[in-house]
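Below you'll find the structure, written out as structure tokens, and then a few comments.
The values are calculated or read from the model by the stated rules, or taken from the named source; none is laboratory data. Since this is a predicted model, take the numbers as computed values, not measurements. As a convention, Cβ positions derive from the backbone with ideal geometry for all residues, glycine included, and neighbour counts pool all protein chains shown.
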Amino acid sequence: MNAAAASLAIAWPSTDALWIMATGAVIAAACAVLGAFLVLRQMSMMGDAISHSVLPGLAAAFLVTQSYSIGPLLLGAVIAGLLTALLTQTLHRFARVPADASMGVVFTSLFALGVVLITQVKGVHFDKQCVFEGALELAPLYTVQWGSLQLPRALAVGLIVLGVNTVALVLLWKEFKLSAFDPALATTMGFPAGVMHYLLMTLVAVTAVASFEAVGSILVVAMLITPAATAHLLVDRLGPMVLLSAAIGAASSVLGYALAVHFDTNVAGMMAVAAGGLYGVAVLFSPRYGLLSTMLHNARLALRVIRDDLLGMLYRLEELGAERRLASRDARTAIGGGLLAWWGLASLQRNELVSRAGETLELTPAGRDAARQLVRAHRLWENYLVQFLGLPLDHVHEPAHRVEHYLDSGLQQSLRQKLDDANVDPHGREIPE
Amino acid sequence: MAPALEIHDMTVAYHRRPVLWDIDLQVPECKLVGIIGPNGAGKTTLIKAALGLAPLASGKVEIYGKPYVQQRHLVGYVPQRESVDWDFPVSVHDVVLMGTYGRLGWIRRPGRAERETAERCLDQVGMLPFAKRQIRQLSGGQQQRVFLARALAEQAQIYFLDEPFAGVDAATESAIVELLQTLRSDGRTVFVVHHDLETVREYFDYVILLNMRLVACGPVETTFTPESLQKTYGGRLTILDAAAEAMRQGDPGP
């Protein structure tokens, strides 16, 4: 651990390291803001498709112009990206190919074509490793002059693309929002969903070209989708989701760099891994959709059911006028035993709903009130099942047992009215007030 | 005065297969119109065609005498509730605000006036207390009310509602009907895709009976008769089906 800290400490102050992290962060943010819309429109794989098809676009642009200047390359990549979107949709609509299959066919074919072009055709020189995993480590080597500042070229490109995406989203915020949420309404209002779709695809293609140099064509999709999917788990407003996507993208690039230095491995790959790791954390701990909160919720519910069962059991024993009082061991066994039963009983005693005299259990006045509520819900529901669902008498206890925990006083009141103020259950037992 | 909606010899086809045949109808303004017909009759398609969302194979649709593209500011639309993703990260207020987007046009952002409109419309459907909720946290009836508030925020003359009563509770249904009747009294024309034949006479004053072709269109008293219902629901026209299928396959026959 000390060694790790030391290696981080050494890595931290270097200017190159800062440039690499900044480049990664800017590109990740540029990808993530668009990714939010891809995720929401359930078009994540379209990001994948377009980022792959950028490759043949670049190769073809180079073949035509014989130069590496950015203009033609960008144009070629955007055309290839839009072609992917168009071909996918055309295949789907007119050749009746399922949407995912048409996407799979189009982008893998185009990507393969790109691979063939860069490896086989004379004159095209793309570093293959760079194509697949990017060359973020080398970013500080190629610089451009921006005023008095000397920036890595990849960072400058990233900043421009981030700027373009930001301006487009700010200007057309309501149009993007509406066409993502309800494309039909957007179209009827004069914001054709198709136009918005291709506008988004154009931005994705431009962003993919810019990210291509830094993180490679395969990892672009991780930067497009993963931070946005993470943000979607954590917030429930569109604006915060887009901003958080960008922040998570930037954070995963910084984290990824630190990890890559520590494990001495590929930076772009580690950035994608870090993004995936953050997603995993969000899946576990998201307040609303997280596994942990779901488990907690379920456990709480199970505890409540156990507590209710205990209270109901004690109440019914009292009602029968039985002399015998329930021993706590027997009570726990009767409701299934185990840790949960023990915990449920303990919490009832802690809340002073049940008191314990020696080995036997006794309802406190507060506990009796709570139990009465529950038994009332149970018996009202039994009545309802008999009268309105026509269930036979021997079929109503189990269903009522399942439902009794969820009938609040409002629902009990409506049941009462429906049942003409019935005061006995179908078995002839009194419904407590 | 041009009718609120005029459809002239319209055929709607998907992949060359007609789903609505030669529809010809006029609806005067100030009516609450039920669009009635069995499943697959083309009720939603009729609405989509009127809104320019479905491809017309022939004919034309006019709103107050002009094509839809010139009149879209007069038209409000409530799509089926299942047509959107209710997990989308927006609040109830955001959704209703979307109703004002059409008037704003490109790039202009909603301001205070639009936000006030949205709040007023939310209040009209009794959903103002829920304005800050994420839309997933609403019941089906509440979601439908939000959609209705969004349509109100469009401040339209003609409304098209696609199955607004599907999966809503009785209280919401009567609240929606009351609101639609108010709209009609204010001079609006409202089209509603509707399924429950029992309530047609109570809710609407005009009906369009549809089953792949127009069966009848007119005031409820004279049009919603046992004979026309029999024609609407009495089985599909098998020849029409067969012809549609032949057109899809592009087979001119022997």
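Things worth noting here:
- Answer residue from the range A:246-276, given it is β-branched (Val, Ile, Thr) and crowded, with 24+ Cβ neighbours inside 10 Å and is nearest to the chain's Cα centre (by Cα) among those: A:Ile248
- Some residue of the range A:172-187 being of a type outside the set (Asp, Glu), crowded, with 22+ Cβ neighbours inside 10 Å and away from every other protein chain (no Cβ under 14 Å): no
- Members of the range A:188-202 found to be more than 9 Å from every other protein chain (Cβ to nearest Cβ) and either free of Cβ contacts under 8 Å to residues at least 40 places away in the same chain or touching a Pro at 6+ places or on another chain (Cβ under 6 Å) (or both), listed by number: A:Pro192, A:Ala193, A:Gly194, A:Val195, A:Met196, A:Leu199
- Unique residue being within 30 Å of B:Pro3 (Cβ to Cβ) and either among the acidic types (Asp, Glu) or out of contact with any Asp or Glu (no Cβ under 8 Å at 6 or more places or on another chain) (or both) when the list is B:Ala156, B:Ala118: B:Ala156
- Residue in the range A:228-239 that is surrounded by 24 or more Cβ atoms within 10 Å (Cβ to Cβ), assigned to a helix (DSSP H, G or I) and more than 11 Å from the chain's Cα centre (by Cα) present: no
- Matching residues, the range A:387-433, being polar (S, T, N, Q) and touching a residue at least 24 places away in the same chain (Cβ under 8 Å): A:Gln387, A:Ser409, A:Gln412
- Top-ranked residue in the range B:197-232 [being within 21 Å of the chain's Cα centre (by Cα) and surrounded by fewer than 16 Cβ atoms within 10 Å (Cβ to Cβ); ranked as nearest to B:Thr11 (Cα to Cα)]: B:Pro219
- Of all the numbered requirements in (1) farther than 20 Å from A:Glu319 by Cβ; (2) outside any helix (DSSP H, G or I), A:Pro399 misses one, and that requirement is (2).
- Residue check: A:Leu301 meets all listed conditions (1) surrounded by 14 or more Cβ atoms within 10 Å (Cβ to Cβ); (2) in the same structural domain as A:Ala400 (by TED's automatic domain parsing) but one, namely (1).
- One residue alone among A:Val273, A:Val220 is touching a Cys at 6+ places or on another chain (Cβ under 8 Å), assigned to a helix (DSSP H, G or I) and in contact (Cβ under 8 Å) with a residue 12 or more places away in the chain, and that residue is A:Val220.
- Set A:Leu380, A:Leu391: member being aliphatic (A, V, I, L, M), in contact with a helix residue (DSSP H, G or I) (Cβ under 8 Å, 6 or more places away or on another chain) and not in a loop (DSSP other than H, G, I, E, B): A:Leu380
- Beta carbons closer than 8 Å, at least 6 apart along the sequence or on distinct chains, pair a first residue in the range A:223-252 that is under 17 Å from B:Asp85 (Cβ atoms) and more than 14 Å from chain B (Cβ to nearest Cβ) with a second that is in a helix (DSSP H, G or I) and not acidic (Asp, Glu) for A:Ile225/A:Gly35; A:Ile225/A:Leu38; A:Ile225/A:Val39; A:Ile225/A:Ser44; A:Ile225/A:Gly47.
- Inspection of the range A:188-204 finds no residue satisfying the criterion of being of a type in the set (S, T, N, Q), modelled with pLDDT under 95 and part of a loop (DSSP other than H, G, I, E, B).
- Residue identified as more than 22 Å from B:Glu114 (Cβ to Cβ) and not hydroxyl-bearing (Ser, Thr, Tyr) among B:Arg136, B:Arg150: B:Arg136
- Residue match in the range B:115-135 (condition: among the small types (Gly, Ala, Ser), farther than 26 Å from A:Val242 by Cα, away from chain A (no Cβ under 14 Å) and exposed (fewer than 14 other Cβ atoms within 10 Å of the Cβ)): no
- All positions within the range A:313-336 that are of a type in the set (Asp, Glu) and touching a residue at least 24 places away in the same chain (Cβ under 8 Å): A:Glu318, A:Glu319
- Looking only at the range B:87-100, and only at residues there that are more than 8 Å from chain A (Cβ to nearest Cβ) and either under 14 Å from B:Arg120 (Cα atoms) or at pLDDT 95 or above (or both), the one that is surrounded by the most Cβ atoms within 10 Å (Cβ to Cβ): B:Val96
- Odd one out for A:Ala205 among (1) farther than 20 Å from B:Asp94 by Cα; (2) within 14 Å of another protein chain (Cβ to nearest Cβ); (3) buried (at least 21 other Cβ atoms within 10 Å of the Cβ); (4) not charged (D, E, K, R): (2)
- Among the residues of the range B:115-145, those that are part of a helix (DSSP H, G or I), touching a residue at least 24 places away in the same chain (Cβ under 8 Å) and in contact with a Leu (Cβ under 7 Å, 6 or more places away or on another chain) comprise B:Ala118, B:Glu119, B:Cys121, B:Leu122, B:Gln124, B:Phe130.
- Once the range B:70-86 is narrowed to residues that are β-branched (Val, Ile, Thr) and at the interface with chain A (Cβ under 8 Å from one of its Cβ atoms), the residue that is surrounded by the most Cβ atoms within 10 Å (Cβ to Cβ) is B:Val75.
- Candidates A:Val161, A:Val144, A:Val121, A:Val131: the one that is at pLDDT 85 or above and either assigned by TED's automatic domain parsing to the domain that holds A:Val221 or in contact with a helix residue (DSSP H, G or I) (Cβ under 9 Å, 6 or more places away or on another chain) (or both) is A:Val161.
- Filtering B:Ser58, B:Ser83 for residues that are of a type in the set (Ser, Thr, Tyr) and over 21 Å from B:Thr11 (Cα atoms) leaves a single hit, B:Ser83.
- Residue within the range A:344-353 that is surrounded by fewer than 12 Cβ atoms within 10 Å (Cβ to Cβ) and within 16 Å of A:Arg307 (Cα to Cα) present: yes
- Residue tally, condition touching a residue at least 40 places away in the same chain (Cβ under 8 Å) and within 7 Å of chain A (Cβ to nearest Cβ), over the range B:101-111: 1
- Near pairs, Cβ below 7 angstrom, 6+ apart or cross-chain, from the range A:64-83 (of a type in the set (S, T, N, Q)) to any residue that is in a helix (DSSP H, G or I): A:Thr65/A:Pro72
- Exclusive hit being touching a strand residue (DSSP E or B) at 6+ places or on another chain (Cβ under 9 Å), crowded, with 21+ Cβ neighbours inside 10 Å and at pLDDT 85 or above, set A:Ile20, A:Ile50, A:Ile27: A:Ile20
- Among the candidates A:Leu345, A:Leu339, A:Leu310, the residue that is in contact (Cβ under 8 Å) with a residue 40 or more places away in the chain and either farther than 22 Å from A:Ala366 by Cβ or hydrophobic (A, V, I, L, M, F, W, C) (or both) is uniquely A:Leu310.
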